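Below is one structure; the comments refer to it alone.
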Amino acid sequence: MCGIVGYVGPREATPILLDGLKRLEYRGYDSAGIAVVGDDGEVRVARSEGKLGNLTEKIASAPPPGRFGIGHTRWATHGAPNEANAHPHMAGPVAIVHNGIIENFRELRSELQAAGHHFESETDSEAIAALIADGLKRGRAPGEAVKAAIQRMRGAYAIAALFEGQEDLLVGARRGSPLV
């Protein structure tokens with residue numbers, strides 16, 4: 001089962017996210033990842049397949065700096081359990097983590113591909129990031145872009161999103177899945 005962790009505060013986010021993900025290890029998963037917004041506004045993503053220790057080892061020498069971010073443990077539903085399908089997913093300036101299933105992701109993905117979006121994973125989750133990025137391109141503010149995206153999505157889900165250049169904004173949304 002997937003798990004989402006988010007942090008916004010005065011301390012470095014990476015250790016807090018990793019600790020939160022460690023607390024979710026009992027749930028079973030096949031990959032893990034984090035996205036952190038640095039003081040420069042840039043989103044840095046680190047992902048790995050397998051256990052959380054793989055991710056921790058991967059970033060040990062250069063943990064993503066920043067005081068807010070999101071983390072995720074994934075149990076594969078769409079796409080193989082590999083690094084490309086691990087969360088967080090980015091599209092343009094938005095990074096998302098997602099639990100649940102987007103039932104109409106194939107339809108959304110086809111529409112977004114026709115509009116020129118390139119997908120790097122096999123997941124339904126990346127379609128969420130692309131929908132939100134599309135809303136941003138259309139001039140919507142981040143929160144409004146998330147609202148527009150979820151109005152198009154069918155299924156049960158919980159998501160958390162963060163945005164490049166927005167050093168203090170984390171947006172969450174859910175339908176039929178828990179999100180605290």
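Quick note: the coordinates plus some simple rules give every number you see, no bench work behind them. If you're wondering where the values come from, they're calculated on a predicted model, not measured in any experiment. Cβ: placed from backbone, ideal geometry, glycine included. Neighbour counts: every protein chain shown.
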Requested in this report: Kindly list the residues of the range 61-99 that lie in the label zone of Asp168, defined by a backbone N under 15 Å from the point 7 Å along the Cα-to-C-beta vector.
Outcome: 67-69
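Stretch Ala156-Asn54 to full length: gain in nm at 0.36 nm per residue minus the Cα-Cα span?
On the way: separation 102, 0.36 × 102 = 36.72 nm, distance 2.92 nm.
Difference between extended and current length: 33.8 nm.
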Query raised in the report: Taking a temperature of 25 °C and a viscosity of 0.890 mPa s, what whole-number D in µm²/s does Stokes-Einstein yield for the range 4-144 with Rh from Kirkwood over alpha carbon pairs?
Result: 160
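How much length is gained on full extension from Glu42 to Glu122, taking 0.36 nm per residue of separation minus their Cα-Cα distance? Each step should come with its number before you reach the end.
Numbers: separation 80, 0.36 × 80 = 28.80 nm, distance 2.48 nm.
Stretched fully, the Glu42-Glu122 segment lengthens by 26.3 nm.
Can you pull out the trypsin sites (Lys or Arg not before Pro) in the range 1-59 whose DSSP state is coil and whose Cβ has at most 16 other Cβ atoms within 10 Å? Write down the numbers at each step before the final one.
Details: sites: Arg11, Lys22, Arg23, Arg27, Arg44, Arg47, Lys51, Lys58; in loops: Arg11, Lys51.
Listed in order of number, the matching sites are Arg11, Lys51.
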Query raised in the report: Quick one, what does Rg over Rh come out to for the range 96-166 if you take C-alpha atoms and the Kirkwood Rh?
Result: 0.92
Report task. Could you name the lysines whose alpha carbon sits less than 28 Å from that of Lys58, not counting residues in the same chain fewer than 8 places away? Result -> Lys22
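Counting each DSSP H run of 4 or more residues in the chain as -39500 (n - 2.57), what helix-only mean residue ellipticity at 222 nm follows after dividing by all residues, to the nearest 500 deg cm²/dmol? Provide the component values of the computation, followed by the final result.
Details: 5 runs with 53 residues, N = 180.
Result for the chain: -9000 deg cm²/dmol, rounded to the nearest 500.
What ranking, highest mean first, results for peptides 109-121, 158-170, 134-146, 82-94 when packing means the other Cβ atoms within 10 Å averaged over each residue?
On the way: 109-121: 13.6, 158-170: 20.0, 134-146: 16.9, 82-94: 22.4.
Highest to lowest by the protection proxy: 82-94, 158-170, 134-146, 109-121.
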Report summary line: Taking a straight Cα-to-Cα line shorter than 17 Å from Lys51, and setting aside same-chain aspartates and glutamates fewer than 8 residues away, one finds Asp19, Glu25, Asp30, Glu83
Report summary line: Counting sequence-distant residues (5 or more places) and residues on other chains, those with an amide H built under 5 Å from that of Arg154 are Glu103, Asn104
